[in-house]
1. Give me the residue from the stretch 1-45 that is surrounded by fewer than 20 Cβ atoms within 10 Å (Cβ to Cβ) and charged (D, E, K, R) and, out of that set, farthest from residue 142 (Cα to Cα).
2. Is there a residue being in a helix (DSSP H, G or I), of a type in the set (S, T, N, Q), modelled with pLDDT under 70 and exposed (fewer than 13 other Cβ atoms within 10 Å of the Cβ) anywhere in the stretch 78-99?
3. If you scan the stretch 1-42, which residues turn out to be closer than 14 Å to residue 164 by Cα and in a loop (DSSP other than H, G, I, E, B)?
4. Quickly run through the stretch 122-137 and pick out the residues that are among the hydrophobic types (A, V, I, L, M, F, W, C) and over 21 Å from residue 155 (Cβ atoms).
5. Just checking, how many residues over the stretch 107-139 are modelled with pLDDT under 75, assigned to a loop (DSSP other than H, G, I, E, B) and buried (at least 18 other Cβ atoms within 10 Å of the Cβ)?
Amino acid sequence: MALDQLLLFIVAGLLLNLTPGPDVLYIVSHALKSGARAGMVAALGIAAGCLVHIFAAAVGVSALLAASATAFTVLKWTGAAYLVWVGIRMLRFSVRPASSFVAAAGPRFAPQLRSVFFRGFATNALNPKVALFFLAFLPQFIGPAVAHKPLAFLLLGMLFNLNGLLVNIGWAAGAAWLSANSGAVRSGMHWLERAAGAMFLGFGLKLALSDNPSR
């Protein structure tokens, strides 16, 4: 890949990763509630979920997913159910009194980081549209003369994922700083949790009602 094309790929990837979605919402909600460490662990989980789709696309599994209505539907409903479950869980958590959120906000509230990681992993790994995104986006930057296209696909996917991880760590650090320095954020934490839960429900319903964009 020529240098100018590589720079275009990096810039496009950064702009796409800056766009808020379920992954950013998941990272920011944990960083606001539990501090930078939880937000960064959530970002690592999101990145690990992307790796599943990158490797799958490199070996052709994502092409099968795009071509098979049954495979897409199964993964779509699994991912939608998971996002809805996350949303309901957040809404149930938000029922707690506001005072408990103030006490829990910031680094003093230590969630099970392993759980934060694996829920972040599932947020991406169970979303078939992430697989189809890599299948549609990355080949645009792989020329027809490239001898080892799966390897090129894999390397570009890893670069995209690294850029995304850096952006998501930035989201986590910014949200944690805002939580630590804004009393309004801490006092309104239960409302933020409700808003995040409602948005996850919306993401899940949107995914459930979506069609395979490749068909």
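1. 37
2. Here is the first cut: in the stretch 78-99, the ones in a helix (DSSP H, G or I) are 78-93, 98-99.
Adding the requirement that they be of a type in the set (S, T, N, Q) leaves 78, 99.
Still in the running and modelled with pLDDT under 70: 99.
Narrowing the set further to residues that are exposed (fewer than 13 other Cβ atoms within 10 Å of the Cβ) leaves 99.
Among the residues of the stretch 78-99, at least one is in a helix (DSSP H, G or I), of a type in the set (S, T, N, Q), modelled with pLDDT under 70 and exposed (fewer than 13 other Cβ atoms within 10 Å of the Cβ), which makes the answer yes.
3. Across the stretch 1-42, the qualifying residues are 19, 20, 21.
4. Selection gives 122, 126.
5. 0
Residue-wise test of (1) at pLDDT below 80; (2) more than 30 Å from residue 51 (Cα to Cα); (3) assigned to a helix (DSSP H, G or I).
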position	(1), (2), (3)
143	yes, no, no
156	no, no, yes
163	no, no, yes
175	no, no, yes
186	yes, yes, yes
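The values are calculated or read from the model by the stated rules, or taken from the named source; none is laboratory data. In this text, all values refer to a predicted model and were calculated from it rather than measured experimentally. Cβ coordinates were reconstructed from backbone atoms using ideal geometry, including for glycine residues, and neighbour counts include every protein chain displayed.
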